[in-house]
Structures are given as structure tokens and as C-alpha cells.
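Working notes, beginning with the structure itself.
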Amino acid sequence: MSTIETIKNQQKEWAKNNVELRDTEHTRNIYDNLYGRSLYHEFEDDIKKADGDEFSDHTGTPAKMSSLRSSSALCVNVFAPQATNGRSFSPIGIMSLIGGSIEDCNSYHLFFEDKHSTGARSEANLDVALKNGVKDYFIESKFMEPYSHVSVNTINILKQSYLDIKTDATRPKIKNKFIEYLPEKIAEDLSTWTKTTYKNGGKEYVGIECRNYKTIDVAQLFKHVFGLMKTYKNDTSKFMLLYLYYKADARQEEELKRFKKMITEGPRGIQFDYISYQDYVARLRAHGDNEHLKYLKERYGL
């Protein structure tokens, strides 16, 4: 049985005993798919203002967030219950994520779908932001996506808005305003990246693709770096980018290890790390079990 089918079956077994389904993969309403069957209104507003259209229930098409395998629902189910008095985030929650002492992990606030202008035509959308104004942490969350990438041989494409195609139409280069954010291995030698074309809105554009990564979307991660560097005026001491993933096999770790080495050893010293949902929840549980963690175990096997 494939990784995707295993995860699907796990979610269906949970749903069979806990919720009413609209079809084989979607709950009757979004809230049935969330811990406590509710969501703090400011968190809901965060998600509704994002680009993913997660809450919209179109005629004949269920809302994305009502899917049993929704990455957004997983992210919300892990993080939202750790907030109290609105956006105030649990010190144990942040400490379990980044380490350090409990005293250093106070005064963090939780946001979903945090937007950052890249300086190109699009914005970087970070799934989770934990901010205290001194050093902020941003999370790119993945559930089943990496395993879908592998199954269809999905490639990473850095799009035309980040490229300078006028100077070299046969081998597009990353624009000067972005190139300084990247490690020299990528910024100066794009030998592992290949020119490609892609379509958007019926028009064809030029991009570059990276075939060395099959499970993690490095083009998306670079886009996040561009947005965060612009927001924090190139001050890498003010933020860290984290990749939080659902571990179902060992394929992602090698790519993440390689990406981390490349991005952190670049000229800007960008701070990046990764952790699985399984390891994160295990760290939370080390401080004591509770109803929220019991739900995560029953629902996701965490």
C-alpha cells in the first residue's frame, strides 16, 4: 500500500467513529474537521484572507479545509489549541519547537497564513507565524503533499518574476535583488537548474526547475526566504524559517538535510531548520498528556 493510501485510510478510520462525512473524504462541515469543532475567530479570519480559499464551499465542491487529509486542518489542529487568551501561544509549544529555556519562550503570538511581499508579483504565504518582536519563527507545514510530489514526479519551478531573462534567454539568471539572499552554489552556478516553460492564466512564461529535489518544494522555500528577507530588511538574526512535515517514510530527511546545509551556509547565513510533526508532538507530550494531545494521537497517530 502506498504512503498516500495509508494516510487516507488512517483518516477514514478516525472519521468513521467521530464525524459525519459529506463524501468519502470530506466532513459535513469544516468545524467537524477541527479540534473542539471550533476555531478562534481571528484565526479563522487569518485563513479566510489567505490565497488558498480553504473555507469556501462552492456548489458541488466541498471546502478544502473539510478534507480529512487537509494540510491546513492538520496545522490548525496542532497549533490553534495551544493558544490562550486569543493569540497568546504556549511557552511549552514554542520551546518544544525551537528549544531553549521556558523563560525565553514567553510572549509569543500565533498567526496563520502570514503574508510577506517578495518584491516580485506574488507574496510569500507562511502557514504559521510565531512572533514576539525580538526573533520571529515562521513555519511551512506539509502533510501529504511531499508524497504526492514523488508519485507524480513533480518538479520545482522558480517562476519568471524572480528571473532576469533579458540578459540570458537560454539560461535565465535569478535577478540581482534576489540573488544575494541565496547560497553561492545556487546564486553563481545554476548548473543543476534547467530552463523550462509553464502556463499561468493561459499565458506561457519562462522558469527554471530543480530536478534534484523530489519531495520538498525548494522553489517555494526560496520564495519564503525572499519575502522574509524583504520584511526584515536582510537582518537574518530577526527570523527563522522552519519546515514542519508529517513523517511517513524516510525520503524527505535526506533532501531537507541537503537543503539546510545549502541555505544556512550561504552568504546571508539564513536560519533554517526542520522537524517532523511526530517529533514535535512527542516533545509536547514529554511535558504531560492532555485532551488535545490525545486527539492528535487518535486522529493523526502523533
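The values are calculated or read from the model by the stated rules, or taken from the named source; none is laboratory data. Just so you know, these numbers come straight off a predicted model, no measurement behind them. Every residue, glycine among them, receives a Cβ derived from its backbone with ideal geometry; neighbour counts consider all protein chains shown. Heads up: the accessible areas ignore ligands, DNA and RNA and are worked out on the full protein's heavy atoms, side chains in. Shrake-Rupley method; radii C 1.70, N 1.55, O 1.52, S 1.80 Å.
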**Prompt:** Going 7 Å from the Cα of Ile179 toward and past its Cβ, which residues in the stretch 266-295 have a backbone nitrogen under 17 Å from where you end up?
**Reply:** 266-268
**For the stretch 189-251: rounded, prolate or oblate by the Cα gyration tensor [a/c cutoff 1.5]** = oblate
**Prompt:** What shape does the stretch 199-302 take by its C-alpha gyration tensor, where a ≥ b ≥ c are the square roots of the eigenvalues and a/c under 1.5 counts as rounded, a/b above b/c as prolate, and the rest as oblate?
**Reply:** prolate
**Fill in**
Candidates Val19, Val218, Val78; GNM for the chain (alpha-carbon contacts under 10 Å) flags as most fluctuating Val19
**Message:** Which of the three applies to the stretch 10-83, rounded, prolate or oblate, going by the alpha-carbon gyration tensor with a ≥ b ≥ c and a/c under 1.5 meaning rounded?
**Reply:** oblate
**Fill in**
Pairs over 29 Å Cα to Cα, from Lys115/Lys177; Lys48/Lys142; Lys49/Lys223; Lys16/Lys64; Lys195/Lys261; Lys131/Lys261, come to none
**Prompt:** Accessible area per residue, 1.4 Å probe, Å², for the chain: what's the number?
**Reply:** 47 Å²
**Request:** With springs connecting C-alpha atoms under 10 Å apart, model the chain as a Gaussian network and identify which of Asn176, Asn77, Asn125 has the largest mean-square fluctuation.
**Result:** Asn176
**Message:** Please give the charge dipole size of the chain, origin at the Cα centre, charges +1 on K and R Cβ atoms and -1 on D and E Cβ atoms. Round to the nearest 20 debye.
**Reply:** 640 debye
**Estimated distance in nm for a label pair at Asp45 and Asn212, the labels positioned 7 Å out from Cα along Cα-to-Cβ** = 4.4 nm
**Message:** With a 10 Å cut-off between alpha carbons and a GNM built on the chain, which of Val76, Val281, Val128 moves the most?
**Reply:** Val281
**Message:** Less than 12 Å apart at the alpha-carbon level, and either on another chain or at least 8 residues along: which aspartates and glutamates does that give for Lys214?
**Reply:** Glu145, Glu253, Glu254, Glu255
**Item:** Taking only Cα atoms of the chain, radius of gyration then Dmax in Å
**Value:** 19.7, 60
**Fill in**
Expressed as a percent, the accessible surface of the stretch 1-140 that is carbon or sulfur, using a 1.4 Å probe and the full set of protein chains, is 46 percent
**Item:** Whole-percent carbon and sulfur share, accessible surface of the stretch 161-302, 1.4 Å
**Value:** 46 percent
**Message:** Please report the spacing between the Cα centers of the stretch 39-103 and the stretch 196-272 in Å, no decimals.
**Reply:** 22 Å
**Relative contact order (%) - criterion: Cα under 8 Å, at least six apart; region: the chain** = 16 percent
**Asked** Which Cα, out of Tyr40, Leu302, Phe259, lies furthest along the positive dipole direction of the chain (beta carbon charges, K/R +1, D/E -1)?
**Response** Phe259
